[in-house]
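Novice: One structure is given below, represented as structure tokens, and several questions about it will come after.
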Amino acid sequence: MKKYKKVYIKIPARFHFDVMNIHKLIEGQTGGGGIGLAVNCYFKVYAHEINRPNDIIDCSKPKLAEHYIKLLRKFLGTNKRFYIKCTQAKLLKNHNGMGLNTLFQVGISYAINNLIENPIEESRLIEFLKKNYYEEENGIVTKDVFCTGVAHNTSINGGICFVSEDANLIYSKKGLNNIVVGAIKIKSDSKIFSKKLDNDKVIVKLRKQQVGIKNKKQIIESIINDLKNNNYTSFFEGMKIFSKSDDSIAISKMCKVNDLRYTELCEMFEEISDSIVRVSSNAPYLYVLTTDFINVKKICRKNKIEIKKYKIDNEGIKVVVR
């Protein structure tokens with residue numbers, strides 16, 4: 001019996017903290033960029049070649065997986081068939097702001113690329129990812145969605161990633177061992193968060209109506225220059241500005257946790273040194289990025305707020321070929 005080469009891939013989910021240019025976020029295209037953070041919540045892909053007429057797919061989004069396999073077969077110029085099994089952490093669910101659809105895209109693409117005899121270079125594969133972003137909703141695969149390009153850059157590279165408005169990686173910083181992320185589920189005064197797929201269209205429209213920060217690029221350039229020297233001061237200061245002034249404020253105005261408003265939560269958590277608060281760009285979650293999770297948890301306990309702790313993943317995608 002033929003022994004097939006096998007691939008195991010482990011990819012971190014990401015939290016999306018900011019959009020670089022909200023006006024570059026266009027339905028059906030990849031762009032907009034922003035800031036992403038890889039966390040220790042994983043999507044795994046097991047794959048090998050099979051000598052059968054059809055692929056074998058075992059995952060929570062079989063239509064999406066099948067779609068990517070067909071696209072990749074054409075892109076890579078192969079007629080091979082594959083067994084693909086995808087597993088995901090329990091906390092990694094659809095529409096929770098952690099990039100599940102992108103993890104399918106990245107995981108299956110890297111798996112099949114590594115299973116053919118001559119894998120293409122990573123830069124070409126990333127271009128494929130940028131041009132072919134799809135989501136599956138209720139068994140339907142659609143391209144009529146928004147993708148900033150942050151998710152695949154962050155999941156591939158790990159750490160914190162800064163992505164240009166054209167979805168190219170500007171800079172990634174690893175070794176953030178002292179920083180953790182607390183995720184808090186929020187309530188909303190609006191029904192936006194219950195609309196799932198249509199939710200994105202409404203939120204993007206709301207955010208585009210905001211004036212935003214004109215010097216966002218300059219602030220991010222300053223943050224990156226300091227991070228290169230392991231200085232995090234401007235990172236926390238800049239992100240605090242974004243928390244209260246950029247286009248995402250359109251979402252935060254509708255958010256509350258146990259009757260506490262977003263602005264009240266910002267004031268409480270940001271009293272703790274090196275702590276920032278962000279509302280997810282398209283999901284009902286509030287993130288607290290901090291070097292002092294103990295005191296963040298004390299505030300949550302005092303206000304009866306449930307918070308989930310995530311560590312930062314500094315490795316990014318891990319590919320093991322057997």
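The values are calculated or read from the model by the stated rules, or taken from the named source; none is laboratory data. Computed from a prediction, not measured in an experiment: that's the story for all the values here. Reconstructed Cβ throughout: ideal geometry from the backbone, glycine too, with neighbour counts over all protein chains shown.
Novice: Among the candidates 44, 74, 93, 6, single out the residue that is surrounded by fewer than 18 Cβ atoms within 10 Å (Cβ to Cβ) and modelled with pLDDT of 95 or more. Give the steps one after another, and end with the answer.
Specialist: On the way: 74 fails: modelled with pLDDT of 95 or more; 93 fails: modelled with pLDDT of 95 or more; 6 fails: modelled with pLDDT of 95 or more.
Among 44, 74, 93, 6, only 44 is surrounded by fewer than 18 Cβ atoms within 10 Å (Cβ to Cβ) and modelled with pLDDT of 95 or more.
Novice: While we're looking at this one, here's another question. List every residue pair whose Cβ atoms lie under 8 Å apart, where the two residues are 6 or more positions apart in sequence or sit on different chains, the first residue falls within segment 229-244 and is on the phi < 0 side of the Ramachandran plot, and the second residue, located anywhere, is among the hydroxyl-bearing types (Ser, Thr, Tyr).
Specialist: 234/222; 236/275; 238/222; 242/248; 243/252; 244/263
Novice: Which of the residues belonging to segment 24-38 are out of contact with any helix residue (DSSP H, G or I) (no Cβ under 6 Å at 6 or more places or on another chain) and either among the polar types (S, T, N, Q) or surrounded by fewer than 24 Cβ atoms within 10 Å (Cβ to Cβ) (or both)?
Specialist: Once the filter is applied, which keeps residues that are out of contact with any helix residue (DSSP H, G or I) (no Cβ under 6 Å at 6 or more places or on another chain) and either among the polar types (S, T, N, Q) or surrounded by fewer than 24 Cβ atoms within 10 Å (Cβ to Cβ) (or both), segment 24-38 yields 24, 26, 27, 28, 29.
Novice: Out of 170, 184, 126, 203, which single residue is at pLDDT below 95, surrounded by 14 or more Cβ atoms within 10 Å (Cβ to Cβ) and in contact with a strand residue (DSSP E or B) (Cβ under 8 Å, 6 or more places away or on another chain)?
Specialist: Numbers: 170 fails: at pLDDT below 95; 126 fails: in contact with a strand residue (DSSP E or B) (Cβ under 8 Å, 6 or more places away or on another chain); 203 fails: in contact with a strand residue (DSSP E or B) (Cβ under 8 Å, 6 or more places away or on another chain).
Going through 170, 184, 126, 203 in turn, the sole match is 184.
Novice: Here's a follow-up. Of the residues 99, 107, which single one is small (Gly, Ala, Ser), touching a helix residue (DSSP H, G or I) at 6+ places or on another chain (Cβ under 6 Å) and either within 29 Å of residue 182 (Cα to Cα) or surrounded by fewer than 16 Cβ atoms within 10 Å (Cβ to Cβ) (or both)? Write out each step before concluding.
Specialist: Values: 107 fails: touching a helix residue (DSSP H, G or I) at 6+ places or on another chain (Cβ under 6 Å).
Testing whether each residue is small (Gly, Ala, Ser), touching a helix residue (DSSP H, G or I) at 6+ places or on another chain (Cβ under 6 Å) and either within 29 Å of residue 182 (Cα to Cα) or surrounded by fewer than 16 Cβ atoms within 10 Å (Cβ to Cβ) (or both) leaves just 99.
Novice: If you don't mind, another one. Restricting attention to segment 273-322, report how many residues are more than 23 Å from residue 241 (Cβ to Cβ), in contact (Cβ under 8 Å) with a residue 12 or more places away in the chain and part of a helix (DSSP H, G or I). If you could, list the steps in order and put the result at the bottom.
Specialist: First, the residues of segment 273-322 that are more than 23 Å from residue 241 (Cβ to Cβ): 284, 294, 297-298, 300-311, 313-322.
Going one step further and asking which of them are in contact (Cβ under 8 Å) with a residue 12 or more places away in the chain, we end up with 284, 297, 300, 303-311, 313-322.
Those left that are additionally part of a helix (DSSP H, G or I): 297, 300.
Number satisfying all stated conditions: 2.
Novice: Out of all the residues in segment 146-185, which are closer than 21 Å to residue 296 by Cα, of a type in the set (A, V, I, L, M) and not in a strand (DSSP E or B)?
Specialist: Selection gives 176, 179.
Novice: How about segment 92-113: which of its residues are under 15 Å from residue 68 (Cα atoms) and either of a type outside the set (Phe, Trp, Tyr) or outside the structural domain of residue 40 (by TED's automatic domain parsing) (or both)?
Specialist: Step one: list which residues in segment 92-113 are under 15 Å from residue 68 (Cα atoms), which gives 100-113.
Answer for segment 92-113, where residues must be under 15 Å from residue 68 (Cα atoms) and either of a type outside the set (Phe, Trp, Tyr) or outside the structural domain of residue 40 (by TED's automatic domain parsing) (or both): 100, 101, 102, 103, 105, 106, 107, 108, 109, 111, 112, 113.
Each row is one residue, and each column tells you yes or no for (1) among the polar types (S, T, N, Q); (2) touching a Cys at 6+ places or on another chain (Cβ under 7 Å); (3) free of Cβ contacts under 8 Å to residues at least 40 places away in the same chain; (4) assigned to a strand (DSSP E or B).
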residue	(1), (2), (3), (4)
9	no, no, no, yes
23	no, no, no, no
26	no, no, no, no
39	no, no, no, yes
42	no, no, no, yes
47	no, no, no, yes
53	no, no, yes, no
67	no, no, no, no
70	no, no, yes, no
